[in-house]
1. Given a cut-off of 25 Å, name the pairs among K73/K114; K73/K118; K17/K191; K114/K193 whose C-alpha atoms lie farther apart than that in the structure shown.
2. Between the DSSP loop rule and a limit of at most 12 other Cβ atoms within 10 Å, which chymotrypsin sites (Phe, Trp or Tyr not before Pro) in region 98-164 are left?
3. Please work out the average accessible area per residue across the chain, using the 1.4 Å probe convention, and give it in Å².
4. At most 11 other Cβ atoms within 10 Å and a DSSP loop assignment: could you name the chymotrypsin sites (Phe, Trp or Tyr not before Pro) in region 158-248 that fit?
5. If you stretched the chain out fully between R57 and E241, how much longer would it get, using 0.36 nm times the residue separation minus the C-alpha to C-alpha distance?
6. Which trypsin sites (Lys or Arg not before Pro) in region 61-151 sit in a loop by DSSP (not H, G, I, E or B) and have at most 10 other Cβ atoms within 10 Å of their own Cβ?
7. Kindly express, to the nearest 10 degrees and within the range 0 to 90, the angle between helix 117-127's C-alpha long axis and the longest C-alpha principal axis of the chain.
8. Mind checking the dipole of region 76-135: about its Cα centre, +1 per Lys or Arg Cβ, -1 per Asp or Glu Cβ, Debye to the nearest 20?
Amino acid sequence: METQNVNFYYGDNQVLKNITIKIPANRITAIIGPSGCGKSTFLRLFNRMNDILEGARLEGKVLIDGVDIYDDKAIDVAMLRRRVGMVFQRPNPFPMSIFDNVAYGPRIHGLHKKKNLKEIVENALRQAALWDEVKDKLYNSAMELSGGQQQRLCIARCLAVEPEVILMDEPASALDPISTLRIEELMQELKEKYTIVIVTHNMQEAARVSDYTGFIYRGELIEFAPTVDIFEHPQNKLTEEYITGRFG
């Protein structure tokens, strides 16, 4: 995935400024920066979730596999959002059973016509490291699960439609330390199959889980490099000041 000279606006307010970046496949890329700098807006470029906001306007290109995903002649937005799944800051399970949560996407996209639905659900729950905890209560309400389990259920729901990319917007910020660790371990396992982009305020989390890190400040991409270089040898003074806690 990549962006080329992307500027993004909400009405007259420019949120992203001339961002060019290449996101490596099958790696975890962390996007860091202070609140309000444009991180979540940047993340949502890749599944066009910003489209639903009034006054949203993009200049430049956002490419997946070389195809401009904002070219409506080339892209079906519903199929794009199947290819590029998203996990939000707070767990948002549907008010239905665990099974139906995971089966929802495959039913909508007709995947259950090609594969056994029970197998799809089990496989997604296994990938999300949740199967052993819920296999005997699949038809219980998802709302009965703990916060960490609900977030892994949301990841399973995302995986069930066989995406290529997983976007995560602060997926562990509302979780306790043990649940956070489970999510971080899960990300390491998932990158074998998926490209993952994560937005986080947590510097330690970015350092622990990501392979590459991009620092956004006031809508500009200040620096993008392997995570070890960003944290140990930042090239930009702003990056150094941010990761050492001098501002932000």
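The values are calculated or read from the model by the stated rules, or taken from the named source; none is laboratory data. Treat the numbers as computed from the prediction; the structure is a model and nothing was measured. Cβ: placed from backbone, ideal geometry, glycine included. Neighbour counts: every protein chain shown. For the accessible areas, the whole protein counts, side chains as well, though only heavy atoms, and no ligand, DNA or RNA atoms are used. Shrake-Rupley method; radii C 1.70, N 1.55, O 1.52, S 1.80 Å.
1. Check vs 25 Å cut-off fails for K73/K114; K73/K118; K17/K191.
2. Hits after loop and neighbour filter: Y139.
3. That works out to 48 Å² for each residue.
4. Listed in order of number, the matching sites are F247.
5. 63.1 nm
6. When the trypsin sites (Lys or Arg not before Pro) of region 61-151 are filtered for loop state and at most 10 Cβ neighbours within 10 Å, K73, K114 remain.
7. Approximately 50 degrees, to the nearest 10.
8. 260
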